[in-house]
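Step one of this worksheet: look at the structure below.
The values are calculated or read from the model by the stated rules, or taken from the named source; none is laboratory data. Only a predicted model underlies this, so the values are computations on that prediction, with no experimental measurement involved. Note that each Cβ is placed from the backbone with ideal geometry, even for glycine, and that neighbours are counted across all protein chains shown.
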Amino acid sequence: MLLTPQPRKLRFSPTEIKHLALGFILVTLAGISAFLGTSREVGILGLVVATALFSLGFIVHELAHKYVAQGYGLWAEFRVNTTGLLLTAISIISPIKFIAPGAVMIAGYTDKSRMGRTALAGPLVNVVITAALLVLLPALVNGVLYDAILVGASINAFLALFNLIPFAIFDGQKVYAWDKRYWAVMISISLALTLYTSFVLMPLA
């Protein structure tokens, strides 16, 4: 028998809060490192906004998984892992970036449909963030803030696309196994947003 759906409310343990804080700090430092080289062009404000949107994309992605899983009555908590932690820490000082300090761990009896929906939630929120930022762009005059918002949109689109790879530990594997139509629609939207933000809007900024 499947677990009974629970009220849609995020529940955190003290251990998870520590892991989330550590993961968020490392992702933020890696983001600062990634954007630091452009700080002369975008300024401090641009650096802060771009890094904030980068970190937001990571944390909201993971919380979306947690929210849906807990709604299905599953145990779901974020945990850092040694390999991801080490690679993310190295990314802070390395030009090559691998930013994945951990992930939401899920336990409990469920089915392919609920696992697919839980996996889809992460990339979906990145797509929503991208769309919201693109709606905001026309209200901004080309400049520091415009560039930072565009970078944030591009990063969130790429996060969705990357996580929808239908192999191994990626969200896309679970979504594809559940429903190929949902996977095809989501990866098409993510690819279109990534191409539009990175290769259409970026050169015009």
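Below are the figures for this structure:
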item	result
Residue tally, condition touching a strand residue (DSSP E or B) at 6+ places or on another chain (Cβ under 6 Å) and either among the hydrophobic types (A, V, I, L, M, F, W, C) or crowded, with 20+ Cβ neighbours inside 10 Å (or both), over the stretch 102-150	5
Ala184 in a helix (DSSP H, G or I), among the small types (Gly, Ala, Ser) and closer than 21 Å to Val27 by Cβ	no
Qualifying positions in the stretch 80-99 - under 20 Å from Pro123 (Cβ atoms) and not polar (S, T, N, Q)	Gly84, Lys97, Phe98, Ile99
Criterion (at pLDDT 95 or above and surrounded by fewer than 21 Cβ atoms within 10 Å (Cβ to Cβ)) met by exactly one of Ile93, Ile25, Ile44	Ile25
Pair list, Cβ < 6 Å and 6+ apart or interchain, from the stretch 186-197 residues that are closer than 16 Å to Gly152 by Cα to residues that are surrounded by fewer than 20 Cβ atoms within 10 Å (Cβ to Cβ) and hydrophobic (A, V, I, L, M, F, W, C)	Thr194/Phe158
